[in-house]
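Here is the structure we will look at.
The values are calculated or read from the model by the stated rules, or taken from the named source; none is laboratory data. Since this is a predicted model, take the numbers as computed values, not measurements. The protein model used for the area step is the full one, side chains on, heavy atoms only, and it has no ligands, DNA or RNA in it. Shrake-Rupley method; radii C 1.70, N 1.55, O 1.52, S 1.80 Å.
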Amino acid sequence: MLQQVKNTLYNQPVKKTKLLTLLLASNLLTSCEWLYSVYEHWIDENYNLRVVQYSERSKALAVDEYYYREDKYSGDITIDITIPASIGGMPIEHFGRYSTTEISDSYYHDTKRMSGSSDINFAIICFAYFEEGTVINLNINIEADLEDFELFAYSYGPLEFLNNNDIDSNYGYAPECNLYIYIAEDSDKYYSIDGEVYERRDDGEDRKLTTRNPDVSVHGNMWPS
């Protein structure tokens, strides 16, 4: 298909407007072929993380989901998440949705995000709804030297929990969450102070990216694994 477009572009006498249209079509087809043909993702059972490789040429990985596999959904719950420096010999550089790559909604639809959504960056996958009064103490230890940190869709929340056993868009009780994030001291772009994350900036006005008690959203996962 792509070769036919290229032949049309370079071997046919066409007007400039038609040439421009064909050039745009060629670029679109090329980008779509790249998006749909080389995407890979899997669940790493050691860390309970979903790992994403966006291109076969990519030398780095992203993680954008954590799988909570305990059976406790009431009272005080502690969840410890580790983001290792590498998995399978490849470094992890992206936490949350890969913010530096344009990905169409239909492409990203395969990754269990809500239909048409581009605003869920990191999700915790659970297998039931939390009971009223539940408090979650969430500890995230980041050993990776990240290029992107996208925990929240918007500033300071909400933090997404998706129920893998409910394929409808139902909403469950949103527990209180105490969030603590620790970043390795040798990270070039991000650092943490007292469990909160900051981004280094050239102007010296470092930006705070997290809050201790983020809003929480709990709802069904319409495309469960």
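Reported value for region 120-189: 106 Å³ per residue, from the convex hull of its C-alpha atoms. Per-residue 3J(HN,Hα) values for region 123-136, derived from phi via the Karplus relation 6.51 cos²θ - 1.76 cosθ + 1.60 with θ = phi - 60°, read 10, 9, 8, 10, 10, 6, 9, 6, 7, 4, x, 5, 10, 10 Hz in sequence order (x marks Gly and Pro).
The residues of region 140-222 expose, per residue, 52 Å² of accessible area to a 1.4 Å probe. Its convex hull of Cα atoms gives region 150-207 a direction-averaged projected area, equal to a quarter of the hull surface, of 5.8 nm². A cut-off of 5 Å between modelled amide H atoms, ignoring neighbours fewer than 5 places along the same chain, links residue 81 with 139, 140, 141. Here's how it looks for residue 210: its modeled amide H is under 5 Å from those of 197, which are all 5 or more places away or on a different chain.
Shown in residue order for region 175-192 are the 3J(HN,Hα) couplings computed by the Karplus curve 6.51 cos²θ - 1.76 cosθ + 1.60 at θ = phi - 60°: x, 5, 10, 9, 10, 10, 10, 10, 10, 4, 5, 8, 5, 7, 9, 10, 8, 10 Hz (x for Gly and Pro).
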